[in-house]
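The values are calculated or read from the model by the stated rules, or taken from the named source; none is laboratory data. Fair warning: this is a prediction, and the values are worked out from it, not measured in the lab. Glycine gets a Cβ as well: all are built from the backbone with ideal geometry, and neighbour counts include every protein chain shown.
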Amino acid sequence: MAKQLTLDEMIESLTLMNHPAAGACQAVIEAIGTLMADTIAADLGVSAGPATFEGTAFAGTCAPFRPAYPGQPCPSPLSDYDPEEWIMTLTPPLHLPPDHQRFPLYDRDNHPQALL
């Protein structure tokens, strides 16, 4: 039998170990989470903020989703997750600072495919 760790548990473990790769690993996970949030938000017509690691005792790595306009109902599948958390007021999107690092994604042959 093996111990199974989630990505959030591995980030937290690296952080607790004071491992030099902890920050880079967290940044990559947050970057892919932000990419997923932006993709979901664009397809559903809602607003999303960047993904952040909140620690395993809280929400782990998560991204906020908000209405794109006041009174917008929460679309499916977002409505399947904590529907009480959908705020029906317009909230300005959170923008990343201009110096935000971008991380390349590579295919299995190590060719760059995109930047996060």
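Please tell me if Thr91 is modelled with pLDDT under 90 and not aliphatic (A, V, I, L, M). Spelling it out, Thr91 is indeed modelled with pLDDT under 90 and not aliphatic (A, V, I, L, M).
Within the stretch 31-64, restricting attention to residues that are charged (D, E, K, R) and exposed (fewer than 13 other Cβ atoms within 10 Å of the Cβ), the residue that is nearest to Trp86 (Cα to Cα) is Asp43. For the stretch 35-50, which residues satisfy the criterion of being in contact (Cβ under 8 Å) with a residue 12 or more places away in the chain and closer than 23 Å to Pro70 by Cα? Ala37, Ile40, Ala41, Leu44, Gly45, Val46, Ser47, Ala48, Gly49, Pro50, listed by residue number. Kindly evaluate Ala68 against the criterion of being surrounded by 13 or more Cβ atoms within 10 Å (Cβ to Cβ), closer than 23 Å to Leu7 by Cα and of a type outside the set (S, T, N, Q). Taking the combined requirement at face value, the residue does not satisfy it. Assessment of the stretch 36-43 against the conditions (in contact with a helix residue (DSSP H, G or I) (Cβ under 9 Å, 6 or more places away or on another chain) and at pLDDT 95 or above) yields at least one matching residue. Considering the stretch 6-30, the residues that are crowded, with 19+ Cβ neighbours inside 10 Å and in contact (Cβ under 8 Å) with a residue 40 or more places away in the chain include one that is nearest to the chain's Cα centre (by Cα), namely Asp8. The set of residues in the stretch 26-84 being more than 17 Å from Leu14 (Cβ to Cβ) and of a type in the set (S, T, N, Q) consists of Thr34, Thr39, Ser47, Gln72, Ser76, Ser79. Whenever a residue of the stretch 71-83 is more than 20 Å from Thr39 (Cβ to Cβ), its partners that are modelled with pLDDT under 90, lying with C-beta atoms within less than 7 angstrom and at least six residues away or across chains, give the pairs Gly71/Met88.
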